[in-house]
1. Quick one: which residues, 5+ away or cross-chain, put their amide H under 5 Å from the amide H of Val92? H built at 1.01 Å from N.
2. Can you tell me how the range 74-116 classifies by the Cα gyration tensor, rounded, prolate or oblate, using a/c under 1.5 as the rounded cut?
3. Would you work out if the range 88-185 is rounded, prolate or oblate? Take a ≥ b ≥ c from the square roots of the eigenvalues of the alpha-carbon gyration tensor; rounded if a/c is under 1.5, else prolate when a/b is larger than b/c, oblate otherwise.
4. For the range 156-202, which whole-number percentage of the solvent-accessible area (1.4 Å probe, protein heavy atoms only) is attributable to carbon and sulfur atoms?
5. DSSP loop chymotrypsin sites (Phe, Trp or Tyr not before Pro) in the range 1-56 with at most 11 other Cβ atoms within 10 Å of their Cβ, which ones?
6. Which residues in the range 113-134 have a backbone N closer than 18 Å to a point placed 7 Å from the Cα of Phe168 along the Cα-to-Cβ line?
7. Taking a ≥ b ≥ c as the square roots of the eigenvalues of the Cα gyration tensor of the range 1-73, is the shape rounded (a/c under 1.5), prolate (a/b larger than b/c) or oblate?
8. Along its principal axes, what span do the Cα atoms of the chain show, with the longest given first and each in whole Å?
Amino acid sequence: KETYIFKNIRDTFFKYSLPKGKYYWHINAVNGQTKTNGHNTRSFFNVGEAHFLTGPINDKVVLENKVIVIPQDLKIEKSGKLIVKGKSEIYVYPNCQILNYGSLKIHGDKNNLIKIQCHREELFWSGIYSEGDLELEYCDFSQVKWKSIIRQIRGEAKMVKCKATDNFVRESVSFNHCPVTIINNYFENNSGEGVLMLDCSG
């Protein structure tokens, strides 16, 4: 009863609404007498509920244990505060970025790094630009194509036990004219420079 079978599909695009859960897929392709099938342990996808987050954010917003989708540039105003924590995941639409002028805190933990990546796995998002207060703990950044994954100018920044891999940037993270705490972070396979600190106390 938990198996769905769809026969005689002739197009390369197929759409069907599924209930919430984890699904494994298997394809049989037939051309006359020739038959090919495809399946492996990575042939799966999850269907769940997403929280679409748009701005501007002017007040305090707390999101915990959510799948968060950011469909456009997200602006956090000076009066705004965004807190993301728990078993959350963040998916940003291609070429969009998070603009923080207030307070942005993303707090995972050692067992649950909060993934922040592009909504489309073959494309890129544009990172975080911050002039406010920024706290990042146990975050996992990927698929950024911009000046920096994190670009902090003034304000105050904290980056602890985060991970950043496979990003195409001028420098991985950039802290400018601000106090910054950066401890035990892991950077691998990113283009450009590593950690840039300009006129910072740290």
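The values are calculated or read from the model by the stated rules, or taken from the named source; none is laboratory data. All figures in this text were calculated on a predicted structure; none of them were measured in a lab. Note that we place each Cβ from the backbone using ideal geometry, even for glycine, and neighbour counts take in every protein chain shown. In case anyone asks, the SASA skips ligands and DNA or RNA and just uses the protein heavy atoms, side chains included. Shrake-Rupley method; radii C 1.70, N 1.55, O 1.52, S 1.80 Å.
1. Under 5 Å from the amide H of Val92: Ile70, Gln117, Cys118, His119.
2. Oblate.
3. The shape class here is oblate.
4. Summing carbon and sulfur atoms, their accessible area is 49 percent of the total for the range 156-202.
5. Here the sparse-neighbourhood loop sites are Tyr4, Phe6, Phe13, Phe14, Tyr16, Trp25.
6. Counting backbone N atoms under 18 Å from the label point, the list is 117-128.
7. prolate
8. For the chain, the Cα spread along each principal axis is 70, 36, 29 Å.
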